[in-house]
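Presented below is the structure to which this report refers.
No lab work stands behind these numbers, since they all come straight from the coordinates. What you see is a predicted model; the values in this text were computed from it and never measured. So basically every Cβ, Gly included, is an ideal-geometry build from the backbone, and we count neighbours across all protein chains shown.
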């Protein structure tokens, strides 16, 4: 394992984040803070508890997931797209570095940024809404697992995209709607029976449900199922990334 190469890629990507703190950190935190003000403090104060949890506290896991998924995809996709766009990817590919080491560097940096952002949003939520975390270690583990999974997904998008506009197509047109419909602001048990079954085809439901269980020991889907679905998606992303490097798809041409 070429640790020097991994560290070089990782440090380069992290340095880019700290050069653009307003865009990378401040903007997502501010956007999520507005959600807490509107839905948590304003609307939440007029709503009853859900599963014994106040509405303001109930939406915290969903809001963190909303930011985490979008930022993981955005960070990873932009991180690999820029070397492709500028042509510096050929320097990386010609270096004595394996595909796994390249992925660890880029995806590791993207996941680190997303975890930092998630923890900042969690700290910000404390200002507006009181909450407790029933399983803090599980919460942190699920946060890291989700960040890694969707950073891998973002890496795939960054390789697939052939223009800057395509970097935003999947996050805006697919991931964000699925997150809003995945129980970010409500429990799927509140839906009619037919829609409850349909909602289970939304993969984001399992992420939000598992993360919410770590906070309040309550979930729409059993925690084992949520973890299993996340690991399956992680494995599928790893397989696709391996196939990309094996075939050279949009990396060597």
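Here the sum of -39500 (n - 2.57) over DSSP H runs of 4 or more residues, divided by the residues of the chain, equals -22000 deg cm²/dmol at 222 nm, to the nearest 500.
Here the extension length gained between residue 91 and residue 172 equals 26.0 nm, from 0.36 nm per residue of separation less the Cα-Cα distance.
How many angstrom separate the Cα center of segment 183-209 from the Cα center of segment 1-17? Cα centroid to Cα centroid, the span is 38 Å.
Roughly how tilted is helix 203-216, in degrees to the nearest 10 and between 0 and 90, from the longest Cα axis of the chain? The angle comes out at about 60 degrees.
With the simple spin-label model, which puts each label point 7 Å out from Cα in the Cβ direction, the residue 190 to residue 135 separation comes to 2.3 nm. Compared with the dominant principal axis of the Cα atoms in the chain, helix 223-247 is inclined by about 20°. Could you tell me how many degrees, from 0 to 90 and to the nearest 10, lie between the Cα long axis of helix 136-160 and the main elongation axis, the longest principal axis, of the Cα atoms of the chain? Approximately 50 degrees, to the nearest ten.
Counting only C-alpha contacts under 8 Å and six or more residues apart, can you give the relative contact order of the chain as a whole percent? Computed value for the chain: 26 percent relative contact order.
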